[in-house]
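Bear in mind that the values in this text are calculations on the coordinates, not laboratory data. No experiment lies behind these values; they were computed from the predicted model shown. No Cβ is skipped: glycine too gets one built from the backbone with ideal geometry, and neighbour counts run over all protein chains shown.
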Amino acid sequence: MDQRNEYLSFVENYEQRTKQYTKPKEEEEPTTLTVQQDVTTFPAEIQRIRETLLETTKPLLYISESEEPYEFIFIPKEDITELPNDCVRFKSLIKQNGNNLMITEEELSSPESNSVLSFQEFFDPFTADFAEDPYGQKDGYKELQKIVEATFHGKENVKVYKIGDYRRVGVYLVGVIKGIGIAGLKTYSIET
């Protein structure tokens, strides 16, 4: 029991001890992903989907001018039956939920710079026969492709929203879980 108390004391005092070594908020580098959602509040089905998608994407990176990891996102919206056809309406759904899924560059992006990709448009650069695979991720992306298609009951129920003007463009790979909301993955495309 004594070791446990020592550990708890260490954890409780960690922030105080390290404060002098951390940058003030205004100097901090922007984090790669900003998704901060309380997973414990997700419905059981969404928690299952989250675990599956994160396990599948753990070894994968989204390749653009950098390599970016994936994070899970969930937008509760029980009455939604299909995804919007444009980024403006998708951004509106995110903002209504107030869950900090978007970074400032995404929020301020102009509608002309945003785009919606189909399932195939997103996956083809990673999985098609002609796709180059310098990072050895083709099989992993093929697995992700199957899981996303199965999770959302067909590729026609999946959309990819690219939101941002330049530099850090949010990439949302999402589908609707009827009666619950929108779920999927988010990453960034670095485009300079």
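A compact table of results
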item	result
FRET efficiency for V88 and H153, using Cβ-Cβ distance with R0 set to 30 Å, rounded to 0.05	0.70
Estimated FRET transfer efficiency (R167, T52; beta-carbon r; R0 41 Å; 0.05)	0.85
Length-normalised contact order of region 31-191 in % [C-alpha pairs under 8 Å, at least 6 apart]	33
Backbone HN-Hα couplings from phi across region 132-139 [Karplus 6.51/-1.76/1.60, Hz, Gly and Pro as x]	6, 9, x, 9, x, 10, 4, 5
Ascending count of other beta-carbon atoms within 10 Å, so fewest first, for Y62, Y188, Y135	Y135, Y62, Y188
Residues V88, V160, sorted so that the one with the fewest Cβ neighbours within 10 Å comes first	V88, V160
Distance (nanometres) between label positions extended 7 Å along Cα→Cβ at S64 and K138	2.5
Longest to shortest principal axis, alpha-carbon extents of region 31-191, angstrom	40, 34, 28
Packing-based order for 105-112, 45-52, using average beta carbon neighbours within 10 Å, highest first	45-52, 105-112
HN-Hα J in Hz across region 78-85 - Karplus 6.51, -1.76, 1.60, θ = phi - 60°, x for Gly and Pro	4, 8, 7, 10, 8, 6, x, 8
